[in-house]
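J.: So that we are looking at the same thing, I have put the structure below in structure tokens.
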Amino acid sequence: MNNNNENNNNENNNNENNNNGNVYWITGLSGAGKTTIGIKLYNYLKSKKDNVIRLDGDIMREVFQNKDYSAEGRKALGYQYARLCRMLSSQGIDVVICCIVMFDEVREWNRENIPNYHEIFLDVTMDELIKRNQKGIYTNAMNDKTQSVYGISINAELPTTPDLVIKNYGSISADNAFDIIVEAFEL
């Protein structure tokens, strides 16, 4: 049985319920600035209301004790993130989640099952990501020291229908990106 496509009709029928929180799903490849921008957005939202939470993919992987970096392991983890976001938002909590999750299937599930879902794609060129190389991920992958790296050894399904694309080829700061998000979603 494939639980990934299971749909809870009780929660899904709440799409018109204005008591649901917003989910800001910030995605992009490693080093795109997801966490930095997500923290700025979280702090901004938290200054306006109490019921806001920030989730980070690296931290969530540790919480769920998931060490499976295969495509199936990553997809399963993506669905765990998605279901957690749905549960929290159904309780009126705004969620800022910063994660890679490069699967169209997961993002489509989010759109169908999470009311007030807002997808933000940080589009950064591979050349810029390699320059940033904050965690050494890209250097290690290119030197065959690390496997399963999106954009190097794993093909990424980049978002095709996000609500907002921020193209950052090294020319905008995290503050600029944050301002774009605030303006786009009228926060």
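J.: If I take all pairs of Cα atoms in region 46-108, what percentage of them are more than 16 Å from each other? Could the numbers behind the result be given before it?
T.: Details: 898 of 1953 pairs.
For region 46-108, the share of Cα pairs beyond 16 Å comes to 46 percent.
J.: For region 36-110, which whole-number percentage of the solvent-accessible area (1.4 Å probe, protein heavy atoms only) is attributable to carbon and sulfur atoms? Please report the intermediate quantities before stating the final value.
T.: Numbers: 1800 of 3370 Å².
For region 36-110, the apolar C and S fraction of the accessible surface comes to 54 percent.
J.: Might you work out the accessible area of Glu128 for me, using a 1.4 Å probe with all protein chains in place, and round it to the nearest 10 Å²?
T.: Only protein atoms counted, so the area is about 30 Å².
J.: Determine the alpha carbon to alpha carbon distance for each of Lys34/Lys67; Lys46/Lys75; Lys131/Lys167; Lys46/Lys67; Lys40/Lys167 and list only those over 26 Å. If you can, show how the numbers build up before the last one.
T.: Values: Lys34/Lys67 21 Å; Lys46/Lys75 30 Å; Lys131/Lys167 16 Å; Lys46/Lys67 31 Å; Lys40/Lys167 18 Å.
Beyond 26 Å between Cα atoms: Lys46/Lys75; Lys46/Lys67.
J.: Starting from the Kirkwood radius over alpha-carbon pairs of region 16-131, derive D by Stokes-Einstein at 37 °C in a medium of 0.692 mPa s and give it in µm² s⁻¹. Show your work: numbers first, answer last.
T.: On the way: Rh = 14.5 Å.
My calculation gives 226 µm²/s for D.
The values are calculated or read from the model by the stated rules, or taken from the named source; none is laboratory data. Bear in mind that the values here come from a model prediction, so they are computed numbers and not experimental data. For the accessible areas, the whole protein counts, side chains as well, though only heavy atoms, and no ligand, DNA or RNA atoms are used. Shrake-Rupley method; radii C 1.70, N 1.55, O 1.52, S 1.80 Å.
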